[in-house]
Amino acid sequence: MAMAERIRYLVKRHPKNRQEIANDLHISADSLGNYITGRRCPDVTMVRDMAIYFQVSADYILCVTAAKEDSLSVPSEKQEQSLLHLFRAMTPIQREFFLHSGYGIANYASIQNVIPVLEVPWE
């Protein structure tokens, strides 16, 4: 998939219309249209801004990775609060184990481009 196709897909699935997206990105609707059709390529700053805006990686927009953008989205505030609540309820030893496990999962996911499914023994 070419960069223009990825930008078109992100714009199409976004709840706002093109004009609103362009306004949010501080560009004209014509510029956004040029990115969508492939007539122009966004500069590195615009790729960064789009990645933040659409909650995907810049690598996804640049076609470096084929990862689905949903797996790269920023967690919701509710998810972050749940994780923080869980972490605070742990003992110091559990926290250390949790952090080391999390780093391992994150590193594995970035290398394998997947999130492993972990079996939870207490369920």
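The values are calculated or read from the model by the stated rules, or taken from the named source; none is laboratory data. In this text the structure is predicted, and so the values were computed from the model without any measurement. No Cβ is skipped: glycine too gets one built from the backbone with ideal geometry, and neighbour counts run over all protein chains shown. Remember, those area values only see protein heavy atoms, side chains included, never the ligands or the DNA or RNA. Shrake-Rupley method; radii C 1.70, N 1.55, O 1.52, S 1.80 Å.
Take the Cβ atoms of residue 2 and residue 52, set R0 to 25 Å, and the FRET efficiency comes out at 0.70. Local charge for residue 49 was computed over the other residues whose Cβ lies under 13 Å away, with Lys and Arg +1 and Asp and Glu -1, and equals -1. Of the whole protein surface, residue 44 contributes about 120 Å² of accessible area at a 1.4 Å probe radius.
Provide the FRET efficiency to the nearest 0.05 for the residue 90-residue 14 pair, computing r from the beta carbons and using R0 = 30 Å. All intermediate terms of the calculation are to be shown ahead of the outcome.
Numbers: r = 37 Å, r/R0 = 1.24.
Between residue 90 and residue 14 the formula returns 0.20.
Rounded to the nearest Hz, the phi-derived 3J(HN,Hα) couplings of segment 83-94 under the Karplus curve 6.51 cos²θ - 1.76 cosθ + 1.60 (θ = phi - 60°) are 5, 4, 4, 4, 4, 5, 7, 7, 6, x, 5, 4, where x marks glycine and proline. Here the Karplus curve 6.51 cos²θ - 1.76 cosθ + 1.60, taken at θ = phi - 60°, turns the phi angles of segment 32-45 into couplings of 4, x, 5, 5, 5, 8, x, 5, 9, 10, x, 6, 4, 5 Hz, with x standing for Gly and Pro.
Based on the Stokes-Einstein relation at 20 °C and a viscosity of 1.002 mPa s, and on the Kirkwood radius from alpha carbon pairs, segment 3-62 is assigned a translational diffusion coefficient of 193 µm²/s.
Here the Karplus relation 6.51 cos²θ - 1.76 cosθ + 1.60, evaluated at θ = phi - 60°, turns the backbone of segment 13-23 into coupling constants of 8, 6, x, 8, 7, 4, 4, 5, 5, 4, 4 Hz, with x for every Gly and Pro.
Quick one: net charge around residue 88, please, counting Lys, Arg +1 and Asp, Glu -1 for every other residue with C-beta under 13 Å from its C-beta.
Working: positive: 95; negative: 80.
That works out to 0.
If you take all other residues with their beta carbon under 11 Å from the beta carbon of residue 4, and give Lys and Arg +1 and Asp and Glu -1, the sum is +3.
For residue 40, the residues whose modelled amide H falls within less than 5 Å of its own, excluding neighbours fewer than 5 places apart on the same chain, are 35.
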